[in-house]
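What follows is a single structure, written as structure tokens, with notes after it.
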Amino acid sequence: MPSLIRPILFAAALAGLAPLPSLAQEQFVPLLVYRTGQFAPLGIPWGDGKQDYLKLVNARDGGVNGVKLAFEECETAYDAAKGVECYERLKTKGSGASAFDTQSTGITFAVTEKATADKIPVITPGYGLSQSADGSVFEWNFPLLGTYWTAADVMLQDIAKKEGGSLKGKKIALVYHDSPYGKEPIPLLQRRAEAEGFQLIPLPVTPPGVEQKSTWLQIRQQRPDYVLFWSAGVMTPAGIREAQATGFPREKIYAIWWAGSDHDVKDLGASAKGYNAVTLHNSAATDKVHADLKKLVYDKGQGSGAPTDIGTLAHTRGMMISMLIVEGIRTAQDKFGKGKVMTPEQVRWGLENLNLTADRLKALGFGEIMRPVQTSCSNHMGNGWARVAQWDGAKWQVKSDWYQPAKQPIDDLVKEFAAKYAKDKNIKPRSCS
């Protein structure tokens, strides 16, 4: 296990005040990150964004109704065993971990049963177990904003729109990281292929994904109409280069959101022009939260990364993730006591009762960045809004309106896979009526 990376416990000192007497008077938020390993190019700005938003809430708002936020960062290197070790070490810090953003589908698989037994929320915005949207079975999991099933559905919607409304007779390849992360969209794609008459060509890539020549040679031989690209980290630019080398049009590639960040394409420039990525937020927009962060954190020399990272996709998404946790804490305080430190169980209630309206997002400085989200006992994801952005050779341009995933077959898949999980784990689903 690598040593702790940049352990930071901060509170009133951040605002120039005397430190609080003890961690127990602060709300503790554990941060799992990967600043080393195959996904580090994505993990670094993502982790910085998560830290920076917590710093901003302390500096701008004095915490959550006066309760300061403290955090400790733990390096996982995208390794499930290291992620579990981080979870075990941080789960009882302070008054208890508010929520874990595991930052890894594999780690999510590894800690889901532990978190259920420990009664600690696990949030997985845009990743994790797609079936955990069913809160009747997955009481402690929150795949907020979207899952890999909703992402795949949005990709197919956008492709169908380009193809006159039908995918029948088309060939669609899935080039995926051969891990739980990369395999997650396959059930949805298989179901859609069967229903809509297109051919799915699954092409696994051995991690870390630097070597993809054989994969793209298969693409040249099989001549798919489109490629869905489930990659992250070093695998992403390697794949785009191979697409260029084999002559596959970048505008026919649709990447998952973790393969659609600035660092994935900025060094490729014009050679990546036309490359598409589905995104959870308005990738071309900045908002008041970015201005506040610069003024109140970075201009005071307290930023977690480089000022140039502010507004980049991965950094903004990191801030969004911390914002969701903070708003879960705030919602819990509305019920259990403003100005009090919330227990993990109380934060879980807050996450299950989120209602981030357009007005609330505007007040938080995220109004131009994301769509409203509302959760419930039965729906731990929210509305699943997503859109498509395209790299123009120099910057990302939003190329679609907001999509919502089709209810069918996603709802059927969620119920089917959640029911199987409940049966396998001997879980009695709770009533959400």
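The values are calculated or read from the model by the stated rules, or taken from the named source; none is laboratory data. Everything numeric in this text was worked out from a predicted model, so none of it was measured. Methodologically, a virtual Cβ is constructed for each residue, glycine included, from the backbone with ideal geometry; neighbour enumeration extends over all protein chains shown. Side chains are part of the model used for accessible areas, which takes the heavy atoms of the whole protein and leaves out ligands, DNA and RNA. Shrake-Rupley method; radii C 1.70, N 1.55, O 1.52, S 1.80 Å.
A simple spin-label model places the labels of LYS362 and PHE109 4.4 nm from each other, with each point 7 Å out along Cα-to-Cβ. Return the FRET efficiency for the residue pair LYS420, LYS300: r is the Cβ-Cβ distance, R0 is 51 Å, and the value is rounded to the nearest 0.05. Here the calculated transfer efficiency is 0.50. Taking θ as phi - 60° and the Karplus parameters 6.51, -1.76 and 1.60, the scalar couplings of the range 417-433 work out to 6, 5, 5, 5, 4, 4, 5, 5, 9, 6, 9, 8, x, 7, 7, 10, 6 Hz in sequence order, x denoting glycine and proline. Comparing GLY305, GLY164, GLY49 in a Gaussian network model of the chain, where Cα atoms under 10 Å apart are tied by springs, the biggest mean-square fluctuation is seen for GLY164. If you line up the long axis of helix 148-162 against the longest principal axis of the chain, both from Cα atoms, how many degrees apart are they, to the nearest 10? Relative to the chain, helix 148-162 is tipped by roughly 40 degrees.
Give the peptides 246-254, 78-86, 310-318 in descending order of average Cβ contacts within 10 Å, highest first. Please list the in-between numbers first.
Working: 246-254: 17.6, 78-86: 20.2, 310-318: 25.1.
Descending mean neighbour count gives 310-318, 78-86, 246-254.
For the range 385-398, backbone phi angles converted through the Karplus equation (6.51, -1.76, 1.60; θ = phi - 60°) give residue-by-residue couplings of 5, 7, 8, 10, 10, 9, 7, 9, x, 9, 7, 7, 10, 6 Hz, Gly and Pro being listed as x. Near THR331, once Lys and Arg are set to +1 and Asp and Glu to -1 for all other residues with Cβ below 12 Å from its Cβ, the sum equals +2. Remark: the range 229-353 carries 33 Å² of accessible area per residue (probe radius 1.4 Å; ligands, DNA and RNA excluded). Could you state the angle between the C-alpha long axis of helix 186-196 and the longest principal axis of the C-alpha atoms of the chain, as a value from 0 to 90 degrees rounded to the nearest 10? Its long axis makes an angle of about 50 degrees.
Using only side-chain charges placed at the Cβ, +1 for Lys and Arg and -1 for Asp and Glu, the dipole size of the range 36-177 relative to its Cα centre rounds to 340 debye. If you run the Gaussian network model on the chain, springs between alpha carbon atoms under 10 Å, then out of ASP101, ASP153, ASP412 the most flexible one is ASP412. How large a share of the accessible area of the chain, in percent, is made up of carbon and sulfur atoms when the probe is 1.4 Å and the other protein chains stay in place? Ligands and nucleic acids excluded, carbon and sulfur reach 50 percent. Residues within the reach of a label modelled at THR308 (point 7 angstrom out along Cα to beta-carbon, backbone nitrogen below 12 Å), restricted to the range 254-292, are 263, 266-267. Once you reduce the range 200-233 and the range 296-330 to the center of their Cα atoms, the two points are 33 Å from each other. [x] 0.98; [y] 1.03; [z] 0.94: which one is Cα Rg over 2.2 N^0.38 Å as calculated from this entry? The listed entry that was calculated here is [z]. Highest GNM mean-square fluctuation among PHE142, PHE71, PHE417, for the chain modelled with Cα contacts below 10 Å: PHE417. Rounded, prolate or oblate: pick one for the range 141-250, where a ≥ b ≥ c are the square roots of the eigenvalues of its C-alpha gyration tensor, a/c under 1.5 means rounded, and failing that, prolate if a/b is larger than b/c, else oblate. Oblate, because a/c is 1.5 or more while a/b does not exceed b/c.
Quick one: compute the contact order of the chain, relative version, from alpha carbon pairs under 8 angstrom and 6+ residues apart, as a percent.
Relative contact order, the chain: 20 percent.
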